[in-house]
1. Could you tell me how many of the residues in the stretch 1-24 are at pLDDT 90 or above and outside any helix (DSSP H, G or I)?
2. Contact list please: Cβ distance under 6 Å, first residue in the stretch 54-73 and without any contact (Cβ under 8 Å) to a residue 60 or more places away in the chain, second residue open to solvent by 10 Å² or more (accessible area, probe 1.4 Å) and among the hydroxyl-bearing types (Ser, Thr, Tyr), pairs at least six apart or on different chains.
3. May I ask you to verify whether Arg77 is at pLDDT 90 or above, of a type outside the set (A, V, I, L, M, F, W, C) and within 22 Å of Glu52 (Cβ to Cβ)?
4. Suppose we filter Ser56, Ser27 for residues that are open to solvent by 10 Å² or more (accessible area, probe 1.4 Å), of a type outside the set (Val, Ile, Thr) and more than 22 Å from the chain's Cα centre (by Cα); which single one remains?
5. Out of the residues in the stretch 8-24 that are of a type in the set (Gly, Ala, Ser) and closer than 21 Å to Arg100 by Cβ, state the one that is surrounded by the fewest Cβ atoms within 10 Å (Cβ to Cβ).
6. Please go through the stretch 31-44 and pick out each residue that is open to solvent by 60 Å² or more (accessible area, probe 1.4 Å) and farther than 21 Å from Arg99 by Cβ.
7. Please specify each residue of the stretch 73-99 satisfying the condition of being part of a helix (DSSP H, G or I) and surrounded by fewer than 23 Cβ atoms within 10 Å (Cβ to Cβ).
8. Among the numbered conditions (1) open to solvent by 10 Å² or more (accessible area, probe 1.4 Å); (2) under 30 Å from Thr182 (Cα atoms); (3) not β-branched (Val, Ile, Thr), tell me where Met288 comes up short.
Amino acid sequence: MECLRLAAANYGAVTQQQLIAAGVSASSVTRRVQSGMLRSVAKGVFIVPTMEGPNSVLAAGLLHHPDAVVSHRSAARLHGMALSDNEGAELTVPLGTLRRIAGAVIHETRFLPADDVMMIDGLRVTTPARTLFDLCAVLSFAHYRRIAEEQLLAQVPSPARFLACHRAMARRGRTGSGIIRTVLDELIDDQPFPASKLELRTWVALTDRGVNYLRRQFAPPWYNGLEGIVDFADPIGCTIIEVDGRSHHRLELDRRRDAARDREANRHGWLVIRIGWHEVIYRTESTMAEIIEILEQRRNLAA
């Protein structure tokens, strides 16, 4: 009875370790699998068929891989997004830790900060913003655009949180194959955050976390006296931080100018980190942690 209670509390999924702790012997577990009372979905993880439901494989996957998270179409279903095809189970795991789970599609990622994860009914699930970002890789353009329009108009996620997620992912090389940018251009017309307030907020966030070596409004070595002052810089690590308080559409218009400035910095051996107001406001912890990690790596290399 105890083993059934354990399974019932987790969508019908249970581990061999839990069963043994509840007094079920290893040989008894084997017999139950052979008789069909348990169905093996991964090593040491089972589903009770009579309790199986839409979330059973997801729950089993999370038991099998403690760092896994429900993602893509499965996360969309849990968030109530109106997908035309939301069958099956999809999970995301850290890169290099891929494990087979019967009945599930497994995605790998290098980047899954706490800002992108939440709990829904006892399951670890990607947030609406991260889910909407991930969906662009598995849906057609027409389907994705319809879902994005519905969700952004419903504020699930809010446009600002979606932009924050998109910018964080794009900075790490995941631009969304142009689909997301097209959607952003069509659907989002956000208001810029005042640059002076955003810079101050970024400065406070970094200094509160022990970063006391940055210089504000810094003139880099290639400054020509007219243009090129940067928001923050670490001269030792040759690292520049630029904070964009501009709206998405304004940012698109200025992208070429920013790229030219970044190339000039790179020619002199400097790295430019660009962050947007959405990241500072809505993803403060993961954004500051990422910046600090880069700053420290650069300083260590220069030592």
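1. Number satisfying all stated conditions: 6.
2. Cβ pairs passing all conditions: Ser56/Tyr11; Leu63/Thr15.
3. yes
4. Ser27
5. My answer is Gly12.
6. Arg31, Arg32, Gln34, Ser35, Met37, listed by residue number.
7. Applying the first criterion (part of a helix (DSSP H, G or I)) to the stretch 73-99 yields 73-78.
Answer for the stretch 73-99, where residues must be part of a helix (DSSP H, G or I) and surrounded by fewer than 23 Cβ atoms within 10 Å (Cβ to Cβ): Arg73, Arg77, Leu78.
8. (1)
The values are calculated or read from the model by the stated rules, or taken from the named source; none is laboratory data. Here the structure is a predicted model, which is why all the values come from computation and not from measurement. Heads up, the Cβs are rebuilt from the backbone with ideal geometry, glycines too, and the neighbour counts pull from every protein chain shown. Surface areas here come from the heavy atoms of the whole protein model, side chains and all, with no ligands, DNA or RNA. Shrake-Rupley method; radii C 1.70, N 1.55, O 1.52, S 1.80 Å.
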